[in-house]
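One structure is given below, encoded as structure tokens.
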Amino acid sequence: MSPHPNPPDAGRPFAGLTALVTGGASGIGLATATLLSERGARVACLDLNPEVPEPLLGLAADVTDDASVRRAVSAAAEALGGVDILVNNAGIGAAGTIEDNPDEEWHRVLDVNLLGVVRVTRAALPWLRRSSAAAIVNTCSVAATTGLPDRALYSATKGALLALTRATAADLLPQGIRVNCVNPGTVDTPWVGRLLAAADDPAAERAALEARQPTGRLVAAVEVAEAIAQLAGPGAGAVTGTALPVDGGMHSLRLRTP
Ligand code: NAD
């Protein structure tokens, strides 16, 4: 938590630090794990899919299963030698208005997108408390602040995660742990690839998603990874309880899908 005006190794600001990234086998999580590793961190990816490229450590974990989370977090902390940075990134989507999903679907998506973050954070806290550079970054969404049409359930899960981020930042500040989140717009990941593949006209759907962002293009996964790394790193020692939009201007310029 102390300021680092002159980090010892500017090219590898995460040298000597360890990181856990949930949902680290794909998309934003894989890009983040890779970037943190390239910048010096020892990184474990906790995912349903444990297959990740070296030198990342892949561990099978389901964030909806508390025992699985506790096992994987302990195994990661022991293998890496602690936990300094936690990136809560695992998440799933859900289409529909408030009328379209039964209660079971609300519970299923909340279980991953909100309670998954609660479970992993609880399991990692004993290690984070021992770190002098402890930081948590949650992957939230622009949906948390704007709400997205035909995404009532998904938007609600991310809105709750934004509030959880701020409340947890207040609770953990006295313990020297910073908590922030990123709010991506539409990011070019396998998730969006699946969405496009299922569309009647994938090219038209992609064009519509691109047009929704004032920059006129999808966000690259590595651009979200850069924002996460910034919030997680020693240079952000004075930043906590914030939400950083990485959305091509969707939130700040107040544009919405018609
Ligand atoms: P992705 O589908 O490419 O990757 C998600 C990863 O999470 C996968 O590897 C998957 O196996 C893992 N995962 C899913 N459920 C899990 C569970 N129960 N336990 C453990 N791991 C699980 O998705 P992405 O686009 O990289 O999205 C990552 C995060 O970014 C999500 O939280 C998503 O809500 C958020 N986000 C994505 C976009 C976007 O446009 N892609 C925009 C805003 C926010």
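Summary table below
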read-out	value
Helix-only [θ]222 nm of the chain, DSSP H runs n ≥ 4, -39500 (n - 2.57) each, per residue, nearest 500	-13000 deg cm²/dmol
Order of 22, 242, 97 under a 10 Å beta carbon neighbour criterion, fewest first	97, 242, 22
Residue 43 long-range amide H proximity, modeled H, under 5 Å	19, 57
Whole-number Å³ per residue for the convex hull built on Cα positions in the chain	125
Those Cys residues of the chain for which no other cysteine Cβ falls under 4.7 Å	45
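Any read-out appearing in this document is the output of simple, stated calculations on the displayed coordinates, not a laboratory observation. This one's a predicted model, so the numbers in the text were calculated from it and none came from an experiment. Methodologically, a virtual Cβ is constructed for each residue, glycine included, from the backbone with ideal geometry; neighbour enumeration extends over all protein chains shown.
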